[in-house]
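To start, the structure itself, in structure tokens.
The values are calculated or read from the model by the stated rules, or taken from the named source; none is laboratory data. Predicted model only: the values in this text are computed from it and were never measured. For neighbour counting, all protein chains shown are included, and Cβ atoms are generated from backbone atoms with ideal geometry for every residue, glycine included. SASA here: full protein model, heavy atoms, side chains in, ligands and nucleic acids out. Shrake-Rupley method; radii C 1.70, N 1.55, O 1.52, S 1.80 Å.
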Amino acid sequence: MTESFRRSGDYENPYQGAQQHASTPVNPEWPPPPAYQPAAQQAGGEAPTALLTEPVAQPPKARRRRPRGPVALLAAVAIVAAAIGGGTAYGIQELTGNDTVAASSSTSTNVIPSSQKGTVSGVAKAVSPSIVEISATSNAGSSTGSGVIITSDGEIVTNNHVVSGASQIKVTTSDGKEYTAEVVGTDSSKDLALIKLRNASGLTVATLGDSSGVQVGDEVVAIGSPEGLTGTVTSGIVSALNRDVTVSTDESQGRQQQQQGGGGWPFEFGGQEFNGDTGSSTTTYKAIQTDASLNPGNSGGALIDMNGNIIGINSAMYSASGSGSSDAGSVGLGFAIPINTVKADLAKLRSGSQS
């Protein structure tokens, strides 16, 4: 004969004598009692007036089991998302499908406020303060380009062809402040340069992404100073990857092209020269191709994913014009140096290398 023992804290069944004969064993298929005590017993210690299921005595720890269904899974994933930095609310949205914003394929860092994720205006507002206009002067002439702020005290990444050979460099930030700058290091083989502003502090730093995850078709935004129009924003998509683009390493070539209205920095692709003669000294690198509008002056500016991360440094463009500046302009063939190439080259540039 099976005996039941009621432990302290267990509730009793008012119908146990009526519904279950003393010699009848407890049905193992009956569900366990709820994980809380009935309201009536909690309030006054009296038994409830009715129960929907036959209660079965369980060890106290059985009533403390956590739910194992979808609610528990959702809560666990949300907590993990918060720990990573995405926030609990964002993690829940990702799981439930409400107002979901696809994360950039290039990086998981989100620079854009949640209310403006995936919008060109959101990218422009967040990243424009990190993009500058660069005016460089040398014996060969002057040139205008762009740059990306990477430290709050004024380190700026740009193209080598924007500043190489310059005797004077002036930089204008998005809020109109002007600084003088000096070249820290150059790498003509990658068409990259690092310059440093004098007496600068508290600048807005760009977030460098991961260009290895960029895919054809990803939406992108370009910010720069084409034709001296500071803070110009254009948008498009990634058109192709790993394009072999050949550019001149002779700074005089680019400045002559701008003075003559040739339509932009000369470069070579597929054995053909565009926007003028590249000269005898050239370098070739793998580039991201984009149809975001680029024009002379965009060189050294940023190519940005929809989360606000820099994925490339704009460096070359194709112009249909070969002679007159009145016909020059973007036709949707622009090229950018992948940001992973830039990050790999930073230590060399900071060391003061002039190559």
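Among what's in segment 157-180 and is in a strand (DSSP E or B) and either farther than 26 Å from Ala344 by Cα or in contact with a helix residue (DSSP H, G or I) (Cβ under 8 Å, 6 or more places away or on another chain) (or both), pick the residue that is most open to solvent (accessible area, probe 1.4 Å). Step through it out loud before you land on a result.
Taking segment 157-180 as the starting set, the residues that turn out to be in a strand (DSSP E or B) are 157-158, 168-172, 178-180.
Retained after the next criterion (residues that are either farther than 26 Å from Ala344 by Cα or in contact with a helix residue (DSSP H, G or I) (Cβ under 8 Å, 6 or more places away or on another chain) (or both)): 157, 168-170, 172, 178-180.
Details: Val157: 3, Gln168: 92, Ile169: 7, Lys170: 104, Thr172: 34, Glu178: 140, Tyr179: 36, Thr180: 58 Å².
Among them, the one singled out is Glu178.
Please specify each residue of segment 138-156 satisfying the condition of being among the polar types (S, T, N, Q), open to solvent by less than 40 Å² (accessible area, probe 1.4 Å) and modelled with pLDDT of 95 or more.
Ser146, Thr151
Filter segment 207-235 for residues that are among the β-branched types (Val, Ile, Thr), modelled with pLDDT of 95 or more and assigned to a loop (DSSP other than H, G, I, E, B); which is most open to solvent (accessible area, probe 1.4 Å)?
Per the stated criteria, the residue is Val216.
If Ser201 passes every condition in (1) out of contact with any helix residue (DSSP H, G or I) (no Cβ under 6 Å at 6 or more places or on another chain); (2) at pLDDT 95 or above; (3) in a strand (DSSP E or B) but one, which one does it miss?
(3)
Hey, among the residues in segment 333-351 that are open to solvent by 30 Å² or more (accessible area, probe 1.4 Å) and at pLDDT 95 or above, which one's farthest from Thr207 (Cα to Cα)?
Of segment 333-351, the ones open to solvent by 30 Å² or more (accessible area, probe 1.4 Å) are 333, 340-341, 343-344, 347-348, 350-351.
Pick out the ones that are also at pLDDT 95 or above and you get 340-341, 343-344, 347-348, 350-351.
Details: Asn340: 12, Thr341: 15, Lys343: 12, Ala344: 15, Ala347: 17, Lys348: 20, Arg350: 18, Ser351: 22 Å.
Among residues in segment 333-351 that are open to solvent by 30 Å² or more (accessible area, probe 1.4 Å) and at pLDDT 95 or above, the one farthest from Thr207 (Cα to Cα) is Ser351.
Looking at Thr204 and the list (1) open to solvent by less than 60 Å² (accessible area, probe 1.4 Å); (2) in contact with a Pro (Cβ under 7 Å, 6 or more places away or on another chain), which single condition is not satisfied?
For Thr204, the failing item is (1).
Being free of Cβ contacts under 8 Å to residues at least 12 places away in the same chain and either among the charged types (D, E, K, R) or out of contact with any Ser or Thr (no Cβ under 8 Å at 6 or more places or on another chain) (or both): is that true of Glu155 here? If you could, list the steps in order and put the result at the bottom.
Details: free of Cβ contacts under 8 Å to residues at least 12 places away in the same chain: no; either among the charged types (D, E, K, R) or out of contact with any Ser or Thr (no Cβ under 8 Å at 6 or more places or on another chain) (or both): yes.
No; evaluated as a whole, the condition is false for this residue.
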